1. How much mean residue ellipticity at 222 nm does the chain get from its helices, if each DSSP H run of length 4 or more adds -39500 (n - 2.57) and you divide by all residues, to the nearest 500 deg cm²/dmol?
2. What is the packing order of peptides 95-101, 59-65, taking the mean over residues of other C-beta atoms within 10 Å and listing the highest first?
3. Rg/Rh for the chain to two decimals, with Rh computed the Kirkwood way over all alpha-carbon pairs.
4. How big is the charge dipole of the chain about its Cα centre, in debye rounded to the nearest 20, if each Lys and Arg gets +1 on its Cβ and each Asp and Glu gets -1 on its Cβ?
5. Which order do the peptides 82-89, 17-24, 40-47 take when ranked by the mean count of other beta-carbon atoms within 10 Å per residue, highest first?
6. Residues in the stretch 1-19 near a label at Lys146, defined as backbone nitrogen under 16 Å from the 7 Å Cα→Cβ point?
Amino acid sequence: MELKITDGELGVRPPVTKPHPGFFAQVGEERFRKLVDDHYEMIRNSDIAFLFPIFDEEEFEQAKKNACDFFIQICGGHPYFAENRGEPRMVGRHAPFRIDEKARRRWLEFYAELLPPLEGEGVSPEYIQSFWDYIDIFSTWMINTK
Ligand code: HEM
């Protein structure tokens, strides 16, 4: 398992491969929601918190839920995001927030801390790798600020 961060660049959108369905199958929905929950809690206490709705608890919880619904769907789980929010339109949905390469790296670094412990919980390293490879590349698409 090598959770390395690819250099991202504004306007460059490399092709993405969805995570292997084995990842969500092994992690399970409950643990998956905890993963995204932990990620948002790390964000809340970080230097990229200002990008997120940290001053409104309800909005923050909703943002967390929407992000989690999307990841579950993209990982081959139930299409919660399609049901609740419609089309993915990830680039457009991120347009209101000034996301630069530095913020994207911080966002990824938190996942780089949260993913390895899953191996000790019985998730195959190659499945963890496939989730990482997906967020590593797809997150570059969200860069919209120099
Ligand atoms: C693989 C990459 C990413 C995915 C799939 C993703 C997914 C999502 C989803 C599904 C939402 C909720 C959108 C909605 O329901 O309208 C969201 C919101 C958001 N994301 Fe991301 N995101 C990614 C990367 C990032 C990065 C790198 C940043 C910045 C560091 C970021 C910042 C935000 C912010 C600020 C919100 C808005 C929270 C709110 O007010 O609702 N995202 N993201």
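1. Values: 8 runs with 86 residues, N = 146.
Mean residue ellipticity, 222 nm, calculated: -17500 deg cm²/dmol.
2. Values: 95-101: 14.1, 59-65: 15.7.
Peptide ranking by packing, descending: 59-65, 95-101.
3. Numbers: Rg = 14.5 Å, Rh = 15.6 Å.
That ratio equals 0.93.
4. Values: 18 positive and 26 negative charges, 105 e Å.
The calculation lands at about 500 debye.
5. Values: 82-89: 11.4, 17-24: 17.8, 40-47: 14.8.
Put in order of decreasing packing, that is 17-24, 40-47, 82-89.
6. Taking a point 7 Å out along Cα→Cβ of Lys146, the residues of the stretch 1-19 whose backbone N falls under 16 Å are 9-12.
The numbers here are math on the coordinates, done by the rules we state, and not lab data. Since the model is a prediction, treat every value here as computed from it, not as a measurement. Don't worry about glycine lacking a Cβ; one is built from the backbone with ideal geometry, like all the others, and counts go over all protein chains shown.
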